[in-house]
Amino acid sequence: AQTVTQSQPEMSVQEAETVTLSCTYDTSENNYYLFWYKQPPSRQMILVIRQEAYKQQNATENRFSVNFQKAAKSFSLKISDSQLGDTAMYFCAFYGGGSEKLVFGKGTKLTVNP
Amino acid sequence: EAGVAQSPRYKIIEKRQSVAFWCNPISGHATLYWYQQILGQGPKLLIQFQNNGVVDDSQLPKDRFSAERLKGVDSTLKIQPAKLEDSAVYLCASSLQLNTEAFFGQGTRLTVV
């Protein structure tokens, strides 16, 4: 079974600085997708960024980028120029083409301080 | 484009009572998910539908939880009877296909007392 591990329960960063959230996963599949979702306080979950495992190039969405290390099964999220609105729970998620399930990690609570 | 709709937003029930949650996915989305999110934890997949068929329900406590997706559109999740440990937010999500972005509803916060 696929597992997703986020080893940092909580992190904090100063506004305008850069922070990296870690995620590792375990799978025997070759065809899969990885996601980072953001859940602001009392608001709904939204997608931040998506990575296809067959793509070597790391995905980037404005201030958000990933470092995808397929051999190490690592998928970290880098947030540049952190903003107060980035304060949220961040969840790493895995979708396997074989299992066809979308599985989430336990999350990292990120606080951006002014 | 309308998002994923869930109702009710909040529900308080006594243990051993029954409760039902409703989800209307985004139009045209074939995949529908129900997740249980206990406070401070990540979402746990309860059941996943592809159209009106079940893809996975391995973590659904089938002695008390049931779910259906009528005509491959709306879905209902039921708990009967509820236990204290069922207190959580129940999230519904939908996606166009299995490997595409999942869009989430605002969730139903259930408190069992």
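Could you list all residues from the stretch B:54-67 that are modelled with pLDDT of 95 or more and assigned to a strand (DSSP E or B)? B:Phe65, B:Ser66, B:Ala67, listed by residue number. If we keep just the residues of the stretch B:62-113 that are of a type in the set (Ser, Thr, Tyr) and within 14 Å of chain A (Cβ to nearest Cβ), which is surrounded by the fewest Cβ atoms within 10 Å (Cβ to Cβ)? Filtering the stretch B:62-113 for residues that are of a type in the set (Ser, Thr, Tyr) and within 14 Å of chain A (Cβ to nearest Cβ), the one surrounded by the fewest Cβ atoms within 10 Å (Cβ to Cβ) comes out as B:Thr100. Filtering the stretch A:70-101 to residues that are loosely packed, with under 14 Cβ neighbours inside 10 Å and of a type in the set (D, E, K, R) leaves only A:Asp81. Of the strands (runs of 3 or more DSSP E) lying entirely inside the stretch A:33-107, those containing at least 1 residues that are within 10 Å of chain B (Cβ to nearest Cβ) and touching an Asp or Glu at 6+ places or on another chain (Cβ under 9 Å) span A:46-52, A:88-96. As for the stretch A:53-68, it holds at least one residue that is of a type in the set (Phe, Trp, Tyr), over 19 Å from A:Glu15 (Cα atoms) and touching a Phe, Trp or Tyr at 6+ places or on another chain (Cβ under 7 Å).
Among the residues that make up the stretch A:74-90, is at least one of them at pLDDT 95 or above, among the hydrophobic types (A, V, I, L, M, F, W, C) and farther than 20 Å from A:Gln6 by Cα? Yes; the residues of the stretch A:74-90 include at least one that is at pLDDT 95 or above, among the hydrophobic types (A, V, I, L, M, F, W, C) and farther than 20 Å from A:Gln6 by Cα. Within the stretch A:87-111, being of a type in the set (D, E, K, R) and within 17 Å of A:Pro9 (Cβ to Cβ) holds for A:Lys106, A:Lys109. Please specify each residue of the stretch A:1-32 satisfying the condition of being open to solvent by less than 40 Å² (accessible area, probe 1.4 Å), within 11 Å of chain B (Cβ to nearest Cβ) and part of a strand (DSSP E or B). If the condition is that a residue be open to solvent by less than 40 Å² (accessible area, probe 1.4 Å), within 11 Å of chain B (Cβ to nearest Cβ) and part of a strand (DSSP E or B), then A:Val4, A:Tyr32 are the ones that fit. Of all the numbered requirements in (1) in contact (Cβ under 8 Å) with a residue 60 or more places away in the chain; (2) more than 10 Å from chain A (Cβ to nearest Cβ); (3) of a type in the set (Phe, Trp, Tyr); (4) closer than 13 Å to A:Leu102 by Cβ, B:Phe49 misses one, and that requirement is (1).
Considering the stretch B:15-53, the residues that are part of a strand (DSSP E or B), out of contact with any Asp or Glu (no Cβ under 9 Å at 6 or more places or on another chain) and surrounded by fewer than 18 Cβ atoms within 10 Å (Cβ to Cβ) include one that is modelled with the highest pLDDT, namely B:Ala20. Among residues belonging to the stretch B:26-45 that are without any contact (Cβ under 8 Å) to a residue 40 or more places away in the chain and of a type outside the set (Ser, Thr, Tyr), point out the one that is farthest from A:Gly98 (Cα to Cα). This residue is B:Gly40.
I want to confirm something. Restricting to the stretch B:22-42 and keeping residues that are hydroxyl-bearing (Ser, Thr, Tyr) and within 11 Å of chain A (Cβ to nearest Cβ), which single residue is nearest to A:Leu110 (Cα to Cα)?
Pass one, the stretch B:22-42, residues hydroxyl-bearing (Ser, Thr, Tyr): B:27, B:31, B:33, B:35.
Still in the running and within 11 Å of chain A (Cβ to nearest Cβ): B:31, B:33, B:35.
Numbers: B:Thr31: 30, B:Tyr33: 26, B:Tyr35: 22 Å.
Residue satisfying both the conditions and the ranking: B:Tyr35.
Look at (1) surrounded by 20 or more Cβ atoms within 10 Å (Cβ to Cβ); (2) closer than 30 Å to B:Leu32 by Cβ and you find that A:Pro41 fails only one, number (1).
The values are calculated or read from the model by the stated rules, or taken from the named source; none is laboratory data. In this text the structure is predicted, and so the values were computed from the model without any measurement. Cβ sites come from the backbone with ideal geometry, for glycine too, and all protein chains shown count toward neighbours. Side chains included, ligands, DNA and RNA excluded: accessible areas come from the protein's heavy atoms. Shrake-Rupley method; radii C 1.70, N 1.55, O 1.52, S 1.80 Å.
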